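Structure, as structure tokens:
The values are calculated or read from the model by the stated rules, or taken from the named source; none is laboratory data. All values derive from a computational prediction rather than experimental measurement. Here Cβ is always computed from backbone atoms with ideal geometry, including for glycine, and neighbour counts include all displayed protein chains. Side chains are part of the model used for accessible areas, which takes the heavy atoms of the whole protein and leaves out ligands, DNA and RNA. Shrake-Rupley method; radii C 1.70, N 1.55, O 1.52, S 1.80 Å.
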Amino acid sequence: MDQVVVNGRAYRRPTRPVVVVCVDGSEPGYIERAVETGRARFFERVLEHGTNRLADCVIPSFTNPNNISIVTGVPPSVHGISGNFFFDPESGAEVMMNDPRLMRADTVFKAFQDAGARIAVITAKDKLRRLLGHGLAIGPERAICFSAEQADTASLAEHGVAGVTELVGMGQPDVYSAELSEFVLRAGVAVMERDAPDIMYLSTTDYIQHKHAPGTPVANAFYAMMDRYLGELDAMGVLIALTADHGMNAKHDATGAPDVIYLQDLLDRWLGAGTARVILPITDPYVVHHGALGSFATVYLAPSGAVPPLIERLRGVTGIELALTRTDACARFELPEDRVGDVVVLAATHKVLGTSRARHDLSGLTEPLRSHGGLSEQRVPLLVNRPTALTGGGRLRNFDAFDLALNRAVD
């Protein structure tokens, strides 16, 4: 079989190992500024001789919906993962979207494994690991799937590999560190050298991007580190496609304080307590570096709530870019209607949305807030270390990464 079909898209079988990299939070500019320092030779070659395009990520521009879009090749309206976090009306509970049972589509990995390919999936945080491994038969000769966050406890039975820290030659990194991403990349090199999987996926963390803008010394050092490991994969003859799950923007005022619209407090004043429930889909177990503040929120209204008047009122609030009905938002952003509230709100470029002021612990913000979630974080890089047969200037999505790598790369 020369092609594998999944979620309505056909992909050619790889003739060489293929690695797709999702660099969490990598807005355009990070790579270019690192190249200008002379310390990112792999990226320099890609920008000059490979494929260097911009693409749009999924809205909300958060980690889970975009990683799952990349590995399924389709938007959340198909695969079902609409955020990092959602409100389940059936149970009445606010739920993390990290359970594979919430997925409604198979991954590219599963489709290729079913066709006989060997798979490797390495992610920074364990919140993604189970989603990315959905449907895979785990085992040393079939698929390995582990996170840097829990590398020291990886087992053959659950992850398809053991002794990961010894294999990588690096100790267990802290979850809030640049080393967590370095572990992913270093592990990718080690696994490729040892096992030569047909398809590999590497997903980093945006710890650095939440704190350091493009061109800053720390950001340049981080991308130079990444360049070294990708250069090693490139030297092995691996075909590499790189994109991001979302961009990043400064979200603070002139004093350096987070520039927040506390939406739950606002709606409680307007409508009365208990009438509206604000859900922030950025919420995950790792909120120290962003305080659960992003630029996308969804609102559930009690039966007495009137959606159209509320939307009109929200549109008049300075710092709110969009306020849409569920139907309009899901149509525009390709989201599953049953996992989105009655109203969807997006903040402007340098604003974030919160629930109630008292519910956000901002003590972990040691630098002025940088965050994501809205339209202003939608543009992301889409690179391939080979030229690709792209025609026209049509819109590219970050979830076209596997299509570029498998179908359009030119040797």
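Numbers below:
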read-out: Pick from the range 356-397, criterion over 19 Å from the mean Cα position of the chain (by Cα) and modelled with pLDDT of 95 or more, ranking: nearest to Met248 (Cα to Cα); value: Asn385
read-out: Residue within the range 74-83 that is touching a Cys at 6+ places or on another chain (Cβ under 6 Å), at pLDDT 95 or above and open to solvent by less than 20 Å² (accessible area, probe 1.4 Å) present; value: no
read-out: Condition met for Ile240 (open to solvent by less than 40 Å² (accessible area, probe 1.4 Å), within 22 Å of Arg39 (Cα to Cα) and under 22 Å from the mean Cα position of the chain (by Cα)); value: yes
read-out: Of all residues making up the range 1-51, the number that are outside any strand (DSSP E or B), within 19 Å of Arg386 (Cβ to Cβ) and among the hydroxyl-bearing types (Ser, Thr, Tyr); value: 1
read-out: Qualifying residue in the range 122-135 (condition: open to solvent by 60 Å² or more (accessible area, probe 1.4 Å), modelled with pLDDT under 95, out of contact with any strand residue (DSSP E or B) (no Cβ under 8 Å at 6 or more places or on another chain) and within 22 Å of Leu185 (Cβ to Cβ)); value: yes
read-out: Qualifying residues in the range 270-299 (those that are open to solvent by 30 Å² or more (accessible area, probe 1.4 Å), more than 22 Å from the chain's Cα centre (by Cα) and not aliphatic (A, V, I, L, M)) - the one modelled with the highest pLDDT; value: Trp270
read-out: Single unsatisfied condition, Asp259 versus (1) charged (D, E, K, R); (2) under 28 Å from Asp206 (Cβ atoms); (3) touching a Leu at 6+ places or on another chain (Cβ under 7 Å); (4) open to solvent by 20 Å² or more (accessible area, probe 1.4 Å); value: (3)
read-out: Criterion (surrounded by fewer than 23 Cβ atoms within 10 Å (Cβ to Cβ) and at pLDDT 95 or above) met by exactly one of Glu32, Glu90; value: Glu32
read-out: Strands (runs of 3 or more DSSP E) lying entirely in the range 141-253 (those with 1 or more residues that are closer than 28 Å to Pro387 by Cα); value: 199-203, 239-243
read-out: Hey, Gln209 under 30 Å from Leu293 (Cα atoms) and modelled with pLDDT under 95 or not; value: no
read-out: Search result, residues across the range 313-347 that are under 18 Å from Cys57 (Cα atoms), open to solvent by 30 Å² or more (accessible area, probe 1.4 Å) and assigned to a loop (DSSP other than H, G, I, E, B); value: Glu334
